[in-house]
Every structure is written in structure tokens, then in C-alpha cells.
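So the structure is just underneath, and the comments pick up after that.
Here, each number is a calculation from the coordinates, and none is a lab measurement. It should be emphasised that the depicted structure is a prediction, and the values quoted were computed from it without experimental measurement.
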Amino acid sequence: MVGGELVEQGGAKWGRRDGVAFDSGEWGEHNPGMAYQQISYDVADGVLTLTLDRPEQLNAFTTTMQNELIDACDRADADDSVRAIIVTGRGRGFCAGADLSGGPSTFDASARGRSTDISANRDGGGLLTLRFFELKKPIIAAINGPAVGVGITMTLAMDIRLASENARMGFVFARRGIVPEPSHRGAATGAGVGLDRARVQRPGSACGTAGALGAPA
């Protein structure tokens, strides 16, 4: 597929943009040819453990990691032997947030060969959050160390978050003069006050935020 085009497969519409599934009402199918480089996928006794696997970089989040996690969700949803999912990090960190080793070009779409048309792009962390939210299996965050930026917001759409004594969490967006992805804001509302009170339809929904604040939906 090229760009944001939707294709028909098996009677359902779905798509991938730059290798990443995007929200078209249906997610893409697991790609059996994908060899994971930055996560590990291990199933034992019905439990899938997804391990963020860049320990020397404190498991900093990359587009590759994003693609692999979304594909792993597709794979887990299609596998009836997987009854629950745990996400954790290799080494002493859970996820240090976006990999900023690219310097100023980290968030420069043109420098990465991507379209600069905002309507043609979706934020990677938000896509992953939506995929976690729409999983058919319960998912648990086992936060074993520092979790910063997308490293903590990705957990907000998970069903349970468990933190070790070594966990450190940072929502550092405001310090950088930016806001979290819309998907994360809705998920944070649900995680903080409960889906029933938040009236969250899906992460990022306006009614979810309004309900949590006691405002008319």
C-alpha cells in the first residue's frame, strides 16, 4: 500500500501507512514474515510477554518498535492460545520515551522521507495506544523501571498497570512545550477516574474528557 490508501481484503477495509496499521475501523492482519528486532514475543501457559528490547537505550521508542508492537497485537488477537498479554522492558528501564538520537530531525517528517501534509500522518504513539485499547485480550503493563513520555502514555490504554519499586514515571510533554497525543489524553482520563465515570467511547474522545471533569457531554 502507498500513503494512506485503504484496501479491501476478506470483505473488510484496512490499511497500513509506512508499514503501520492505521485506524480504519479494522486493523491489519499479522505479517508472518516480520522478524522482530526491537521487541521479543514469548508465549507460555497462555500468557504472551512482549518485552521492549533495546536495553542499552533504555528501550527508547522508535518507529520500528511501534510497527513491531502493532504487528504483535495483530498476531496475539489472531491466536486463541494467547489469553492475556504482559508488556515489560528489558534491562533496567521500561521505556525512556521517544528515541531522540536523531537530534533536530527526530520529528521532522521531510527529513525522514515522509509527507509533510498533516492529514496524511498519524502520531505513532497514538496509533499504538489505539491498538492496545482495541485488543481483544487483557493487557498488563509491568513497569520495571523508568517510563517517560510515550513510555508511560502507551500504558494508559492497558487494563492494568503494575510498577516495581524501581519504576519512575514522567509526563514531560509540558516541559517541552507540547501536548500529549489526543489518544493518550482520552486514555489518561479513563485510567484516572474509570471508564464508567469518564464515559470514554475510545481514547481521545471529547465526551470522555468532559465526563471526567463533570462537564456536560
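The single condition among (1) farther than 14 Å from Cys95 by Cα; (2) part of a loop (DSSP other than H, G, I, E, B) that Val172 does not meet is (1).
For the range 38-77, what are the residues that are part of a strand (DSSP E or B) and not β-branched (Val, Ile, Thr)? Selection gives Ser40, Tyr41, Asp42, Ala44, Leu48, Leu50, Leu52, Phe61.
Filter the range 151-169 for residues that are assigned to a helix (DSSP H, G or I) and among the polar types (S, T, N, Q); which is farthest from Gly97 (Cα to Cα)? Break it down into steps so the answer makes sense when it comes.
First pass over the range 151-169, keeping only residues assigned to a helix (DSSP H, G or I): 151-157.
From what's left, among the polar types (S, T, N, Q): 153, 155.
Working: Thr153: 9, Thr155: 12 Å.
If we take residues in the range 151-169 being assigned to a helix (DSSP H, G or I) and among the polar types (S, T, N, Q), then Thr155 is farthest from Gly97 (Cα to Cα).
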